[in-house]
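The values are calculated or read from the model by the stated rules, or taken from the named source; none is laboratory data. Everything quoted here is computed from the prediction, not taken from an experiment. We place every Cβ from the backbone using ideal geometry, glycine too, and count neighbours over all the protein chains shown. For accessibility, only protein heavy atoms count, side chains too; no ligands or nucleic acids. Shrake-Rupley method; radii C 1.70, N 1.55, O 1.52, S 1.80 Å.
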Amino acid sequence: MALAAAIVSFLASSAPAHADLKICNRMSYVVEAAISIDDKATTATRGWFRIDPAMCRVVLQGPLTGDRVLLNARALGVYGASPIPQNGSDMLCVAPDDFVIAAARQCRSGQTPAPFTQVTPTQAEDGNMAAYLAEDSEYDDEQARLAGIQRLLVIAGYDAAPIDGVDGPKTQGALASFLKSRGLPPDSVQSANFFATMIDAVQAPSSSGLTWCNDTPHKVVAAVGADDGKTVTSRGWYRIDPGKCLHPDVTGQPRQIFSFAEAVDADNRTIKLKDKPLNWGGTKLLCTRDSKFEITEQGDCATRGLAATGFAAVDIGGGGKTLRFTMP
């Protein structure tokens, strides 16, 4: 995935005097983007701009006046453990929700540093300045939209794999089943808010597999473990916003599922109540680490620089299990 480069290709010609800057999404994820305008006097950041696959959004009106334009993008929490790599060289401040930060090189309370990548926008066909977010698959707009639909169908429990942006009977069958289950007409697929409809469906409790629901006022990060009889794999972290649900991507038919979750503040520090961490786990020790992880060897966590975290066993024998995280 080429988000580190953030920009794939641009259409060149002379720019009009008052062109706006827009970000176009050719990824299979609904993303939230933040921009930074860096000049000799100050560096400001602004976000988050939500952009569906195959869509563009104006993020700055009027001519570019700064020395550099920088970009950071994140996928929505429904996609799980940080599917978009972040390795820009400029660490600038962002906030969890919509924000404007005038001096973004020194973070204050509630702000965290995030890697931004410098971009060089050029003129698009409509006369605006544009930059494109893309994956290694190099989807065009039509492919990106279909791949985005396929990805959300898979997360919602429908068999639309592989996620390749190529239409076919399997994708059409999964999509038809989804529409029928939600009472939606076939033409709703072309509606402007179809991705919002799909995300709402993904964030609702499911009748199959594991569902996490966050009933607290805090952000919750969670990890899942799966025992297939040969290997126990732990994977995290998944972000679950307040009032939302999420289905972790557990593939195959594991013999046992495990779950751990904890509430965190805006700086991703564990929230404590009466000096006790606000978390939901159990006695099964699996390896985790602070950043994104997928770990298949569960022995000697500490000697490998990992944390041994207590997971709870989850019974999904009845077809589905919803774990609701609540305040004590």
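Structure summary
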quantity	calculated
Boolean, ALA313 is free of Cβ contacts under 8 Å to residues at least 24 places away in the same chain and of a type in the set (A, V, I, L, M, F, W, C)	no
Test: ALA75 is farther than 13 Å from ILE35 by Cα and of a type in the set (A, V, I, L, M, F, W, C)	yes
Subset of segment 255-279 that is among the acidic types (Asp, Glu) and in a loop (DSSP other than H, G, I, E, B) - its residue that is most open to solvent (accessible area, probe 1.4 Å)	ASP275
Filter result for TYR139 (part of a loop (DSSP other than H, G, I, E, B), buried (at least 19 other Cβ atoms within 10 Å of the Cβ) and touching a residue at least 60 places away in the same chain (Cβ under 8 Å))	yes
The listed residue being open to solvent by 50 Å² or more (accessible area, probe 1.4 Å), without any contact (Cβ under 8 Å) to a residue 40 or more places away in the chain and under 19 Å from the mean Cα position of the chain (by Cα), out of ASP200, ASP249, ASP228	ASP200
Flag if GLY110 is within 30 Å of ILE240 (Cβ to Cβ) and at pLDDT below 90	yes
Scan of segment 50-66 for residues that are buried (at least 19 other Cβ atoms within 10 Å of the Cβ) and part of a strand (DSSP E or B), ordered by number	ILE51, CYS56, VAL59, LEU60
Any hit, segment 179-190, residues being of a type outside the set (A, V, I, L, M, F, W, C) and crowded, with 16+ Cβ neighbours inside 10 Å	no
Whichever residue in segment 285-294 is of a type outside the set (Ser, Thr, Tyr) and at pLDDT 95 or above and, among such residues, is surrounded by the fewest Cβ atoms within 10 Å (Cβ to Cβ)	LEU285
Residues within segment 178-200 that are assigned to a loop (DSSP other than H, G, I, E, B) and of a type in the set (Lys, Arg), tallied	0
Residue list for segment 300-309, filter: in a strand (DSSP E or B) and either under 25 Å from the mean Cα position of the chain (by Cα) or free of Cβ contacts under 8 Å to residues at least 12 places away in the same chain (or both)	ALA307, THR309
Out of ALA104, ALA161, ALA147, ALA114, sole residue that is over 29 Å from ALA192 (Cα atoms) and not in a strand (DSSP E or B)	ALA104
Number of the exception - GLY282 against (1) more than 25 Å from the chain's Cα centre (by Cα); (2) open to solvent by 50 Å² or more (accessible area, probe 1.4 Å)	(2)
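Conditions (1) within 26 Å of the chain's Cα centre (by Cα); (2) touching a residue at least 40 places away in the same chain (Cβ under 8 Å); (3) assigned to a strand (DSSP E or B), marked per residue:
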{"site": "CYS287", "(1), (2), (3)": "yes, yes, yes"}
{"site": "GLY317", "(1), (2), (3)": "no, no, no"}
{"site": "LYS321", "(1), (2), (3)": "yes, yes, yes"}
{"site": "PRO328", "(1), (2), (3)": "no, yes, no"}
